[in-house]
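The values are calculated or read from the model by the stated rules, or taken from the named source; none is laboratory data. Only a predicted model underlies this, so the values are computations on that prediction, with no experimental measurement involved. Here the Cβ positions follow ideal geometry from the backbone for every residue, glycine too, while neighbour counts run over all protein chains shown. The accessibility values were calculated without ligands, DNA or RNA, using every heavy atom of the protein model including side chains. Shrake-Rupley method; radii C 1.70, N 1.55, O 1.52, S 1.80 Å.
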Amino acid sequence: MPALAASGATDRGRIRERNEDAYAIGDLDADRLFDGDGVIASAGPRGLCAIVCDGMGGAAGGEVASELATRATWRELAQAHGTDDPEVFARLLRRAVRVANRRVFDEATREPSLRGMGTTLSAIGVAGGQLVCAQVGDSRVYLARVGVLTQVTRDQTLTSALVGAGRDPLEAALAGGSTILQALGVNPDVEPSLSLVPLCRGDRVLLCSDGLYNQLGLATLAAILDGRGGPAELARVLCDAACAAGGADNITAVVIDVAGTTGGPGSSPIPARAA
């Protein structure tokens with residue numbers, strides 16, 4: 001199992017009245033959640049998991065949905081049996097996300113003031129030296145390796161679907177806008193997209209909400225992640241940079257540094273494959 005060190009930061013931004021983003025980082029071996037101070041590290045057989053959610057639904061709905069989803073996903077993974085098989089872990093992660101979806105959906109059904117709430121989600125864990133990712137909506141996972149930043153997840157958005165169908169990216173963006181095709185809590189069930197990526201020593205992983213990557217863009221994200229500093233410093237720098245660039249949305253960044261994997265440093269980025 002790779003040695004992992006992680007930290008996160010979140011910010012309301014400059015425009016929104018509330019922060020409807022939420023994140024969780026947990027050591028599955030110690031059943032311990034990151035408390036927001038410094039870094040959390042693990043070299044145990046199950047390692048770390050991390051979750052980023054971007055809530056929606058007006059009033060308090062978005063805040064409730066994102067917090068419920070992060071905690072429910074974490075709890076399901078912490079209670080699941082350990083495995084070093086990436087495809088088995090991918091199934092466990094998929095189940096955890098579907099359980100979280102049901103929790104959010106049931107709460108929205110039970111409480112009239114929360115009806116219509118939902119949240120995006122990106123979540124990761126590590127098994128067998130591979131990064132295992134689950135995504136619903138348009139929060140993202142990136143992998144930084146030897147100065148190259150690669151988007152691991154594929155947005156569940158109309159724009160992304162149109163590009164995948166062969167439409168020109170600019171034309172697709174104009175037609176699709178910010179329409180999300182799936183969100184946790186909107187329907188009784190959800191189907192997360194899963195992907196697996198082999199990790200190498202020296203890799204850096206970023207989970208983030210759209211308030212980060214939309215504000216900064218790929219080149220700026222890559223430059224910051226290629227800079228000096230550990231996960232705590234870089235997560236804060238990313239959020240501060242997005243605020244300085246306008247802070248039009250809530251902003252969340254989770255940064256994970258990888259050491260001790262079987263792959264050597266300097267390897268080429270490896271495309272994600274579906275689980």
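Data overview
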{"item": "The stretch 42-81, residues that are of a type in the set (Gly, Ala, Ser) and within 29 Å of ASN214 (Cα to Cα)", "result": "ALA50, GLY55, GLY57, GLY58, ALA59, ALA60, GLY61, GLY62, ALA65, SER66, ALA69, ALA72"}
{"item": "Criterion: open to solvent by less than 50 Å² (accessible area, probe 1.4 Å) and free of Cβ contacts under 8 Å to residues at least 24 places away in the same chain - qualifying residue of ALA100, ALA80, ALA127", "result": "ALA80"}
{"item": "The stretch 5-25, residues that are in contact (Cβ under 8 Å) with a residue 12 or more places away in the chain, farther than 11 Å from VAL255 by Cβ and over 13 Å from the mean Cα position of the chain (by Cα)", "result": "ASP11, ARG12, GLY13, ARG14, ILE15, ARG16, ARG18, ASN19, GLU20"}
{"item": "VAL197 vs. criteria modelled with pLDDT of 75 or more, in a loop (DSSP other than H, G, I, E, B) and open to solvent by less than 30 Å² (accessible area, probe 1.4 Å)", "result": "no"}
{"item": "Residues of the stretch 2-18 that turn out to be assigned to a loop (DSSP other than H, G, I, E, B) and surrounded by 19 or more Cβ atoms within 10 Å (Cβ to Cβ), as a count", "result": "2"}
{"item": "Residue that is of a type in the set (A, V, I, L, M) and not in a helix (DSSP H, G or I), where the choices are ALA22, ALA78", "result": "ALA22"}
{"item": "Residue match in the stretch 21-40 (condition: under 29 Å from ALA244 (Cβ atoms), among the basic types (Lys, Arg) and open to solvent by 50 Å² or more (accessible area, probe 1.4 Å))", "result": "no"}
